[in-house]
Structure formats: structure tokens, C-alpha cells
Amino acid sequence: MSQKSNAKTPKSNAKTPKSNAKKVTPCKTDLAKVAEPLAKVAEKRTRKKIYMCENCNYSTKIISNYKKHILSKKHLKKVPQKVPQKEHAKNTQWFKSNPNELSNMRIKLDEYEKILEEKRRDKDRIAELEKKNMEIEIKYLKQTVDILESTKPATINSHNTTNSHNTNNISINMYINDHCQDAMNLDDFVNKIKFKLQDVFDGTFPIQNSVQKLFIKNLNELGPTQRPVHCTDMRRGKFLVNDKNDGWVKDDGEKIAQGVKKVQHKAIIDAYDAFDKQFKPPHPGKLQDKKDAIVNPLRSNIKKDTPKIIKELANVTNVKDAINQLDKS
């Protein structure tokens, strides 16, 4: 019989060693303490610094733009530049230790000032020489003109501008004196003009340029030798006017303007009276509106129309045309 072993397999009493470290669960307060500084760091990283220039009311988040600004003309004008005290002290110290350099700089400065002064004097001398040369040239030209004037023949057939201008003046004076002695004076001519209702109103609308048309019509009816006005220079507005008291006189347009304004006022009065003669007052609303439509433009356009009438008058009364017309006849 087999022997059974009394020895039993010994059970291990050793237990699996357990870790002494305890599992720690972080609390909310600890997380908040860690998260807060991290958030501040993140905020600092995302938030850019703003660079301000209070003198110019300028701001930017980009430092390169700020550096450009402080070197700009706008900034430099508003902020006076000062030499830093450290730099000034450094320069002063350097000059004290190098007195010869300072004296050399002073010598160079004196030389530069002398050169500038010499250039200024040269400029003044050149201007003076140019002035003297101009005076000599003018004097020479005057002497030449005098010599030519003294040596020219008594009668010369010249077509230059000056002689032609003098010839025209003589022709105009001869024309006025020989052919326009019986011309109507300006005052009588203005008083002679009468306006009818059909001269200013076509039955439906006011007639445009009615004063100018009647003025020119009356002038043309007289003919060149009978009219009271002759234009001698259209571009400059020069006239010869037959004045009631002084006869033919030169006029820069003042007497002509006075005559034109008198005719304009006559147009208002004559049109007013002619309307009342044709339509007995008082006038009902529509008829009064028609009367106002005729008279008001004549009254309101006096200042605007006067230069236009004078310009057309100068064109019609050109004395050169009158002289040429006389020569042809």
C-alpha cells in the first residue's frame, strides 16, 4: 500500500504587497488656483500692447508703425527735438580734451562764412552789371530811334502799325467832321424811341431781347451819318457819342450805358401804359398775371441785359464799316 505523503504543500502566507500611495482626486479649488495664472499668461500672449503718441493723437499695436511715426514730419514738427544731455555732456567733454579740433572747426567755419559772403557780393556785382548793361542798351536804342526819326523823309508811304493807326485816327476825325455834322444827339435819339405792346409781347409770351431789337432798329433807320453813336474800338468798348451840349466826344461806354438804361426804363413804362390802354384796368387775376409776365422780365433783366446791348451796339455802329460804305458810294 502506497504511503501517502503527510507533507502538505505549504500555502504561501505571503500576500501581494499593496502600494502605500493613495489615489488623490484634485479638488475644484486647486484647479482654479492653477487655471487662473494660466489664463493670465494666455491673455498677455493674445493681448497686444498699444503704442500711443499723445502729441499727435496717434495709436497702433504694431511697433514698427510706431517707430515710423516718431520719425515722421508730422511728429517731428509737434515734438521739438532736444539734444540728449548725455550726448551733450559727451561732446563737451570731448572738446575739452581736444582743444585743437575745436579751433580747427572755428577756422573752417570762418572760411565758409567768407566764401558765402564772397558769393553774395559776386551775385550783387552781377546784378549791378546786368542793370548797367540794360541801361546802356536802352540808351543806345533811344539814340537809334532818334536818328532814324530825324533822317526819315517828310512824307513816307509806310504800312506799319503805328502809321496805319494814325491814318485811321485822321480818317475817323475827317469822317465825323465832314459827314456827321447833322447827326442826331444821343438824348434826342433816346427820347424818340417808343415801345408798343407788340414790341415786347407776341400775344402769348414776352419777346426776347425786345429792348435791344428796337434800339438797333431805330439806329439803322437813321443811317450811318445821322446816328448819334460810332464805335471806334469794339474790343475795348470805345465810342464817339454826339452829346447834346458838347458835340462829338470820346466815350468809354459810360454815356452809352446811361442811354441804354433810359431806353430800358422807357420800355417798362411804355409796355405798362400800352397794356392798360388795350385792357382797361382793373384787371382780373389772369389778365394781371399776363401783365406781370410782360413787365417783370423787363424790370429784372436791366442789369444783365445792358452789357449785351452795348456789345451789339458796338458791332452795328463800327465806324470803319461806315467809312468803307462811304468810300464805296
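Of the residues in region 218-236, how many are surrounded by 18 or more Cβ atoms within 10 Å (Cβ to Cβ), over 16 Å from Val190 (Cα atoms) and under 42 Å from the mean Cα position of the chain (by Cα)? Even if it seems obvious, please write down each step before you answer.
First pass over region 218-236, keeping only residues surrounded by 18 or more Cβ atoms within 10 Å (Cβ to Cβ): 219, 224, 227-232.
Checking which are over 16 Å from Val190 (Cα atoms) leaves us with 224, 231-232.
Subset that is under 42 Å from the mean Cα position of the chain (by Cα): 231-232.
Within region 218-236, residues that are surrounded by 18 or more Cβ atoms within 10 Å (Cβ to Cβ), over 16 Å from Val190 (Cα atoms) and under 42 Å from the mean Cα position of the chain (by Cα) number 2.
Inside region 206-250, can you point out the residues that are among the hydrophobic types (A, V, I, L, M, F, W, C), part of a loop (DSSP other than H, G, I, E, B) and touching a residue at least 60 places away in the same chain (Cβ under 8 Å)? Before the answer, list the steps.
Just the residues of region 206-250 that are among the hydrophobic types (A, V, I, L, M, F, W, C), to begin with: 207, 211, 214-216, 219, 222, 229, 231, 234, 239-241, 248-249.
Applying the additional criterion that residues be part of a loop (DSSP other than H, G, I, E, B) yields 207, 234.
Met234, the sole residue that qualifies.
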Checklist line | Tabulated pairs, region 301-312, first modelled with pLDDT under 90, second part of a helix (DSSP H, G or I) and not aliphatic (A, V, I, L, M), C-beta under 8 angstrom, 6+ apart or interchain | finding: Ile302/Lys261; Ile302/Gln264; Ile302/His265
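Among the candidates Ile302, Ile256, Ile294, Ile269, which residue alone is among the hydrophobic types (A, V, I, L, M, F, W, C), assigned by TED's automatic domain parsing to the domain that holds Tyr175 and closer than 30 Å to His179 by Cβ? If you could, list the steps in order and put the result at the bottom.
Values: Ile302 fails: closer than 30 Å to His179 by Cβ; Ile294 fails: closer than 30 Å to His179 by Cβ; Ile269 fails: closer than 30 Å to His179 by Cβ.
Criteria check complete, one pass: Ile256.
The values are calculated or read from the model by the stated rules, or taken from the named source; none is laboratory data. Keep in mind it's a predicted model, so treat the numbers as computed, not measured. Don't worry about glycine lacking a Cβ; one is built from the backbone with ideal geometry, like all the others, and counts go over all protein chains shown.
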